[in-house]
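What follows is a set of notes on a single structure, which appears directly below.
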Amino acid sequence: MDKRFWLGLKLIPVLDKKIKTITDSFESAERIWLADRNGLSKIDGIAINEVDEIITRRNNIDLERWWQRYKNIGINILTIFDDDYPPLLREITNPPTVLFFKGDLILNYSNAVAIVGSRLASIHGSIIAEELASELSKEGVTVVSGVARGIDGSAHKGAMRGQGGTIGVLGCSLDVIYPPENKKLYGEICKHGSLVSEYPITTKPLKWNFPARNRIISGLTKGVVIVEASEKSGALITADFALEQGREVCAVPGNPKNKLSKGPHKLLKSGAYLVEDAGDILDVLGLIGHSEKKKESSVEISLDEQRVLNFIDWELKHVDEITRELNVSSSDAAILLTILEIKGLIKQDIGKRYLRIH
Amino acid sequence: MLAKIESCSILGMEAFLVEVEVDISNGLPAFNIVGLPDAAIQESRERVRSGISNSEFEFPLKRITVNLAPADLRKEGPSFDLPVAVGILAATKQISRDMLSDYLFVGELSLTGEIRPVNGVLPMALRAKESKKKGFIVPKENASEAALIGGLKIIPASSLSEIVKFFSGEKEIEPITEDIKRLFMNNTVSDNINFCDIKGQEHAKRAIEVAAAGGHNLLMVGPPGSGKTMLARRMPSILPDMTFEEAIETTKIYSIAGMLPSKVALVTSRSFRAPHHTISTAGLVGGGQHPRPGEISLSHNGVLFLDEFPEFTKSALEVLRQPLEDGIVTISRASSTSTFPARFMLVAAMNPCRCGYLGDKIKECVCVPSSIRQYKSKISGPLLDRIDIQVEVPRLTKKELVGVSSGESSETIKERVQRARDRQQKNIGDSNLSCNAQMSPRLLKKYCKLSDSAQNFLENAIDKLGLSGRAYDKVLRISKTIADLGERDLIEVEHLAEAIQYRCSNNSNNYYNF
């Protein structure tokens with residue numbers, strides 16, 4: 001019953017803004033919601049001139065209807081006073097008093113790691129993020145990220161493959177899908193973990209919501225891993241929050257010429273941990289991987305395929321380069337590339353270029 | 001006094017017979033034309049009057065009524081000048097009337113009495129032959145076009161007085177005949193447009209060869225300056241030769257559109273049309289009060305090249321869907337409905353994003369993801385469904401531009417394409433199809449036989465590469481063509497593997513989903 005009143009507080013902007021102050025004075029949400037004019041003016045943090053506004057707004061809100069609306073979308077409410085509130089998040093300086101979530105929140109929060117990075121990720125970065133996330137998740141680590149394009153999306157996708165699952169933290173409310181192409185990803189995340197937001201429904205992805213969201217991403221985790229970020233990337237804000245909150249910061253290095261390496265390299269210069277694989281992250285965070293080292297890939301490949309694979313290597317190579325340098329016909333090159341792609345050894349990038357991934 | 005002359009007019013793709021009745025009676029001098037004539041026919045009164053007097057004949061100062069029957073069909077164009085003039089001469093007994101009914105007349109008159117060329121003579125000649133006429137009097141410039149229809153006496157006329165002399169027996173005019181074999185003979189690949197001009201781009205060239213062999217529609221995606229237009233222009237040079245029937249069809253369209261070059265009797269090389277992206281819907285599919293063929297019909301049996309594909313208006317692109325499927329386009333207007341053939345090969349070219357450099361090796365793309373999505377969304381899914389082959393064309397680096405030797409010539413490629421098409425004729429000809437691209441999903445099942453290992457491979461590929469249902473059909477169709485190029489009946493793993501390459505990368509991280 002109490003949760004409804006929390007929702008009520010979130011629905012009145014004046015109260016939402018001060019929700020931390022007014023609830024810190026041990027007032028229950030119910031008492032604030034039901035308070036009369038006199039009672040409201042006595043609450044710490046509420047100015048006299050705001051009382052009238054609060055009362056008019058409150059009278060216009062049909063709490064039961066709103067509550068049903070949230071239930072219909074499948075949104076649950078978690079407050080800082082609840083026992084299952086993520087313990088790590090509780091420790092930060094300004095934890096969200098009320099969290100909305102969708103999906104299954106009972107995940108292993110003590111073992112959460114954030115993987116964040118550029119929205120305009122390269123195929124390299126996307127593959128690395130996906131691989132790290134998948135291996136961490138298989139070790140039972142929950143991967144937290146921001147459900148954005150690029151690295152974030154890859155991290156979620158990778159994490160869904162293991163039992164660790166994934167948490168997506170939104171910069172808008174849970175009923176708003178942003179970016180729009182992530183509709184499917186929203187659903188998948190709810191199935192393999194949960195989507196979290198501190199905003200009441202119909203909140204648009206306003207740009208100042210995102211730094212605030214980043215404090216939750218780092219706050220939920222033991223450490224943050226940055227994969228590909230330009231110098232001004234929001235991922236660096238997440239890293240700053242992580243430092244403030246006393247969480248570990250890890251970064252994946254890249255090609256020094258690439259501007260997407262600037263962010264991670266900046267962090268590395270100032271002392272972030274260098275990460276090459278999931279094992280590095282587990283070491284830094286003091287987590288122990290229990291499964292044995294990954295076996296070498298056991299796919300059988302022919303001599304010709306091996307030649308192409310060796311040539312492509314870890315650099316993007318165009319199909320015509322392969323044709324020319326290996327001196328094969330264009331149709332033969334196409335055949336070999338398809339076979340390697342199906343075997344999961346290479347991946348195609350835009351512009352008909354290929355990259356080795358195993 | 002009454003005279004009847006027979007002539008022809010065009011409606012859509014077909015010609016219909018028009019009886020031109022001329023009646024001269026006593027009364028105030030007047031000259032009226034009835035029978036739903038358009039403005040050009042109304043004006044023909046002035047041309048006929050001057051044409052007759054300037055050819056040293058007498059223009060009767062009487063009441064002249066001309067009727068164009070059937071009176072309920074709208075008639076257009078200046079091609080009735082000649083029959084009207086001949087009718088007046090016949091009604092005033094200035095021309096011998098003995099043999100007039102054996103002939104059809106068309107032609108535009110100049111004020112001096114000379115005869116000018118008109119549009120649509122080829123379908124008119126066909127109609128003349130069907131209606132068992134002995135001969136056809138046509139303007140001299142149109143004679144060779146009309147002569148494609150054998151079994152009809154084609155009399156080239158250059159002036160009104162010449163025709164009068166012809167009918168009175170004073171002058172013999174030799175009927176024109178055309179040697180169709182000879183017309184096909186001088187059809188060779190021109191030297192200035194040849195595939196050997198293109199350096200590098202092996203992948204794209206192979207894709208074009210496959211597209212040509214199976215008649216598949218093709219989309220080229222690449223940054224500016226990568227040679228997409230250059231590649232597309234060379235497409236007709238590797239397409240198989242036209243058959244006589246195809247040539248006649250194409251010539252008919254060009255004849256109706258009035259676009260047959262002078263002195264060219266038959267269009268024997270495949271057309272290549274490249275309309276600018278500002279083209280209107282009617283310009284593309286055809287239209288007008290009297291429907292006329294549009295660019296898609298002009299590229300019938302040839303190539304329609306749409307450069308800067310997403311820049312075409314949405315409506316212009318969407319109207320392509322039905323003709324791409326059916327090979328014909330039906331244009332309905334208040335006055336009439338016409339059907340034009342439009343079996344063309346669509347070759348489209350576009351940049352990967354608005355700035356043009358997404359995925360380029362050298363220059364970095366400056367587009368934001370949402371603008372890339374928006375740019376791509378201009379090409380709708382149903383339209384992409386109808387484009388079998390998608391190929392990415394990269395920009396060449398300096399090293400490649402200097403170092404790479406030129407590839408095969410168009411003639412060599414054309415030979416292979418021709419062989420593949422011949423095989424297709426043998427295989428799927430009984431379903432009334434001319435190339436693999438026309439296979440419907442039902443026929444795909446009938447004709448695309450996979451070997452056992454290929455079947456396994458395909459299932460694996462669908463699984464691993466996430467091929468959609470529409471991609472599946474495309475892969476089958478293309479692999480059948482590749483098998484034809486390799487002169488094999490059964491589709492093998494290698495054919496499938498190659499076919500799978502002719503799709504754009506499906507990397508969701510880069511929002512490049514085709």
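For the pair B:LYS165 and B:SER53, the difference between a 0.36 nm per residue extended length and the Cα-Cα distance amounts to 38.7 nm.
In the range B:195-510, the C-alpha radius of gyration followed by the widest Cα-Cα span (Dmax) gives 19.6, 61 angstrom. For B:LYS398, give me every one of the aspartates and glutamates with a C-alpha distance below 19 angstrom, ignoring sequence neighbours fewer than eight places off in its own chain. B:LYS398 reaches A:ASP320, A:GLU321, A:GLU325, B:ASP197, B:GLU202, B:ASP360, B:GLU364.
Note the full-extension length gain between B:GLN374 and B:THR229 as 0.36 nm times their separation in residues minus their Cα-Cα distance, in nm to one decimal.
That pair, B:GLN374 and B:THR229, stretches by 49.9 nm at full extension.
How much of the DSSP beta bridge set in the protein assembly as shown is antiparallel, as a percent to the nearest 5? Among the beta bridges of the protein assembly as shown, antiparallel pairing accounts for roughly 45 percent. Given the options A:PRO87, A:PRO200, A:PRO256, which has the most mean-square fluctuation in a GNM of chain A, springs set between C-alpha atoms less than 10 angstrom apart? Its mean-square fluctuation being the largest, the pick is A:PRO256. A crude spin-label estimate for the pair A:LYS42 and A:ASP283, with each label 7 Å from Cα along the Cβ direction, gives 6.0 nm.
Solvent-accessible surface of the range A:303-356, averaged per residue with a 1.4 angstrom probe and all protein chains in place: 36 square angstrom.
Of all DSSP beta bridges in the range B:2-168, what percent run antiparallel (nearest 5)?
Numbers: 20 of 35 bridges.
For the range B:2-168, the DSSP antiparallel bridge percentage is about 55.
Placing unit charges on each Cβ (+1 for Lys and Arg, -1 for Asp and Glu) gives the protein assembly as shown a dipole about its Cα centre, and among A:ILE342, B:GLN425, B:ILE372 the Cα reaching farthest toward its positive end belongs to B:ILE372.
Against chain B, whose longest principal axis comes from its Cα atoms, helix B:469-485 is set at around 80 degrees.
Could you tell me the relative contact order of the range B:2-168? Use alpha-carbon pairs under 8 Å, at least six residues apart, and round to a whole percent.
Working: 380 pairs, mean separation 40.5, N = 167.
After rounding, I find 24 percent.
Between B:VAL264 and A:LYS17, the modelled label-to-label distance comes to 7.5 nm, taking each label 7 Å out from Cα in the direction of the beta carbon.
Given +1 at the Cβ of Lys and Arg, -1 at the Cβ of Asp and Glu and no other charges, the dipole of the range B:207-254 around its Cα centre is 320 debye to the nearest 20.
Name the aspartates and glutamates eligible as straight-distance cross-link partners of B:LYS153: C-alpha to C-alpha under 15 Å, and not fewer than 8 places from it in the same chain. Of all the aspartates and glutamates, those that pass the test against B:LYS153 - Cα under 15 Å, at least 8 places apart if same chain - are B:ASP102, B:GLU130, B:GLU145, B:GLU172, B:GLU174, B:GLU178, B:ASP179. Zone of B:GLU487 (label point 7 Å along Cα→Cβ, backbone N under 14 Å): which residues in the range B:421-437? What the label zone holds, given the 14 Å backbone N cut-off, is B:421-424.
Here the spin labels are modelled as points 7 Å beyond Cα on the Cα-Cβ line, and at B:ASP38 and B:ASP72 they lie 2.1 nm apart.
To the nearest 0.05, how large is the calculated FRET efficiency for B:SER409 and A:SER302 if R₀ is 51 Å and r is the Cβ-Cβ distance? About 0.95, to the nearest 0.05. So what's the angle, to the nearest 10 degrees on a 0 to 90 scale, between helix A:123-138 and the longest Cα principal axis of chain A? Value to nearest ten degrees: 70. Calculated translational diffusion coefficient of the protein assembly as shown (4 °C, 1.567 mPa s; Stokes-Einstein with Kirkwood radius over alpha-carbon pairs) equals 40 µm²/s. Counting only residues at least eight positions apart within a chain, or on another chain, the lysines with an alpha carbon under 26 Å from that of A:LYS191 are A:LYS3, A:LYS71, A:LYS102, A:LYS138, A:LYS157, A:LYS183, A:LYS204, A:LYS222, B:LYS464.
How many Lys pairs in the range B:179-292 lie less than 21 angstrom apart by Cα atoms, where the lysines are 8 or more positions apart or on different chains? Provide the component values of the computation, followed by the final result.
Numbers: B:LYS181/B:LYS252; B:LYS181/B:LYS263; B:LYS199/B:LYS228; B:LYS205/B:LYS228; B:LYS252/B:LYS263.
Counting lysine pairs in the range B:179-292 gives 5.
Nothing charged except the Cβ atoms of Lys and Arg (+1) and of Asp and Glu (-1): what's the magnitude of the dipole of the range A:1-73 about its Cα centre? Round to the nearest 20 debye.
Details: 14 positive and 12 negative charges, 61 e Å.
Roughly 300 debye for the range A:1-73.
In debye to the nearest 20, how big a dipole does the range A:109-284 give about its Cα centre with +1 on each Lys and Arg Cβ and -1 on each Asp and Glu Cβ? Walk me through the numbers on the way to the answer.
Working: 20 positive and 18 negative charges, 127 e Å.
Using Cβ point charges on Lys, Arg, Asp and Glu, the range A:109-284 gives about 620 debye.
Between B:ASP452 and A:LEU63, what is the FRET efficiency for a Förster distance of 60 Å, r being their Cβ-Cβ separation, to the nearest 0.05? With a Förster radius of 60 Å, E is 0.35.
In percent, rounded to a whole number, the relative contact order of chain A is 12, using alpha-carbon pairs under 8 Å and six or more apart. Take each residue of peptide A:131-140, count the partner chain Cβ atoms within 10 Å of its Cβ, and average: the result is 0. Estimated from helices alone, the mean residue ellipticity of the protein assembly as shown at 222 nm is -11500 deg cm²/dmol (sum of -39500 (n - 2.57) over DSSP H runs with n ≥ 4, per residue).
When you have a sec, figure out the Kirkwood radius of the range A:303-356 from all distinct Cα pair distances and drop it here in Å to one decimal? Please list the in-between numbers first.
Numbers: mean 1/r = 0.0942 Å⁻¹.
Hydrodynamic radius (Kirkwood, Cα pairs) of the range A:303-356 is 10.6 Å.
What residue among A:GLY74, A:GLY263, A:GLY153 has the largest mean-square fluctuation in a Gaussian network model of chain A, using Cα springs under 10 Å? Checking each option, the largest mean-square fluctuation is seen for A:GLY74.
Label point of A:ASN94 set 7 angstrom out along Cα-Cβ; within the range A:205-240, amide nitrogens under 20 Å from it belong to A:205-221, A:234-240. Take the accessible area of chain B alone and of chain A alone, subtract that of the pair, and you get about 3100 Å² summed over both chains, using a 1.4 Å probe.
Indicate the gyration tensor shape class of the range B:262-338 (rounded, prolate or oblate), computed on the Cα atoms with a ≥ b ≥ c the square roots of the eigenvalues: a/c under 1.5 is rounded; otherwise a/b larger than b/c is prolate and the rest oblate. It comes out oblate by the Cα gyration axes. Please give the helix A:234-244 orientation as an angle from the longest Cα principal axis of chain A, in degrees from 0 to 90, rounded to the nearest 10. The answer is roughly 60 degrees.
For the range B:414-466, the Cα-based Rg and Dmax, in that order, read 13.8, 37 Å. Of all DSSP beta bridges confined to chain B, the antiparallel ones make up roughly 50%.
Remind me, relative contact order of chain B in percent, using alpha carbon pairs under 8 angstrom and six or more residues apart? Present the calculation step by step, with values, prior to reporting the outcome.
Working: 1032 pairs, mean separation 67.8, N = 514.
For chain B, the relative contact order is 13 percent.
Taking the Cα of B:ARG470, stepping 7 Å toward and past its beta carbon, and measuring to each backbone N in the range B:348-383: which are under 18 Å? B:348-350, B:373-383, by backbone N distance to the label point.
The values are calculated or read from the model by the stated rules, or taken from the named source; none is laboratory data. Just so we're clear, the structure is a prediction, and the values are computed from it rather than from any experiment. Cβ coordinates were reconstructed from backbone atoms using ideal geometry, including for glycine residues, and neighbour counts include every protein chain displayed. Side chains included, ligands, DNA and RNA excluded: accessible areas come from the protein's heavy atoms. Shrake-Rupley method; radii C 1.70, N 1.55, O 1.52, S 1.80 Å.
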